[in-house]
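The values are calculated or read from the model by the stated rules, or taken from the named source; none is laboratory data. Everything quoted here is computed from the prediction, not taken from an experiment. No Cβ is skipped: glycine too gets one built from the backbone with ideal geometry, and neighbour counts run over all protein chains shown. Accessible surface areas use protein heavy atoms only, side chains included; no ligands, DNA or RNA. Shrake-Rupley method; radii C 1.70, N 1.55, O 1.52, S 1.80 Å.
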Amino acid sequence: MAGFEIVPAVPVAYGRVVGDVGGVGRNPLAVAWHWMAAGARRVHFEELSAPDTGRGPATLPALVLGCRQGPARIQVGGGIRESRVARLLRAQGADTLVLHRSLTDPELLDDMLTAVRPEKVMVAVNLEELDDRKILAGLSRAWDQGVRRVLLVGPWMAPTVFPYQEAAISRFLDERWEVWAAGHLQHLKTIARLKELGVSGVMIGQALYQGRLSFKELMALSDPPAAS
């Protein structure tokens, strides 16, 4: 494990950054480079406009390519539902693909993990899905094929980590997953507690753009990169 990471998330729809993004602008490439210049070692693009037709997110490959020469690893999620899109994203320079819908579709999951090495995949699970049999079966299938990273999607909006959330983290750590967290993170105390519990990193979007969290203070919680 490389240590605890702070990952700025860039929410994108139809080629523009969405939501209340303060003074960072609407160009997703400019926003990604803004975070890299500030010291981010990983940036996450989340495509919010991908259609349900299975054609995949149109803008993600171009965004990944636009960051290829940057100092940070690029992570992508949202609407990645075809192996050809997964291959293209990796070819353009994406370090990690975050998959969610694939967990409930065994054929699609197998196809994805044939197209992309499992160590380059993170599976995303909403906290309220942890009793869903299809999700549990998908997690087991992903594990059997070599996936070891899981993203637990909140809400984590309270200034604490609730017992049921701690239990979910412990459950995955006990099963030897590398656990990440995202979803409505708004408090430094919450993020510090997640680090204490053994979470490997957090992805943060709106709280950064709206000024509720300081990137400088967040980076003080991150661990230095492992020596190569």
Percent relative contact order for the stretch 78-134, counting Cα pairs under 8 Å at least six residues apart, stands at 40
Using a 1.4 Å probe over the heavy atoms of the protein chains, calculate the carbon and sulfur portion of the accessible area of the chain as a whole percent.
-> 51
Could you pull the accessible area for Leu113 with a 1.4 Å probe, rounded to 10 Å²?
-> 20
Those GluC sites (Glu not before Pro) in the stretch 146-228 that DSSP places in a loop and that have at most 15 other beta carbons within 10 Å = Glu175
With Trp143 itself left out, Lys, Arg at +1 and Asp, Glu at -1 over residues whose Cβ is under 10 Å from its Cβ give +1
Quote the charge dipole size of the chain about the Cα centre in Debye, to the nearest 20; the model charges only the Cβ of Lys and Arg (+1) and of Asp and Glu (-1).
-> 660
Could you work out how far apart the two model spin labels at Arg133 and Leu48 are, taking each label as a point 7 Å from the Cα in the direction of the beta carbon, and quote it in nm?
-> 3.5
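In whole percent, what relative contact order does the stretch 75-228 give with Cα contacts below 8 Å and a gap of six or more residues? Mind dumping the intermediate values first?
Numbers: 219 pairs, mean separation 24.9, N = 154.
After rounding, I find 16 percent.
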State in Å² the accessible area per residue of the chain; use a 1.4 Å probe, count heavy atoms of protein chains only, and round to the nearest integer.
-> 46
Please give the net charge around Val161, taking every other residue with its beta carbon less than 12 angstrom from that of Val161, where Lys and Arg add +1 and Asp and Glu add -1.
-> +1
Using the Karplus equation 6.51 cos²θ - 1.76 cosθ + 1.60 (θ = phi - 60°), what ³J(HN,Hα) coupling, rounded to whole Hz, does each residue of the stretch 207-216 give in order, writing x for Gly and Pro?
-> 4, 6, 5, 8, x, 6, 10, 9, 5, 4
Given a 1.4 Å probe and the protein chains all in place, what does the accessible area of Arg42 round to, in Å² to the nearest 10?
-> 10
Beta bridge orientation in the chain: antiparallel %, DSSP, nearest 5 = 5
Rounded to the nearest 500, what is the 222 nm mean residue ellipticity of the chain from helices alone, with -39500 (n - 2.57) per DSSP H run of 4+ residues and division by all residues?
-> -10500 deg cm²/dmol
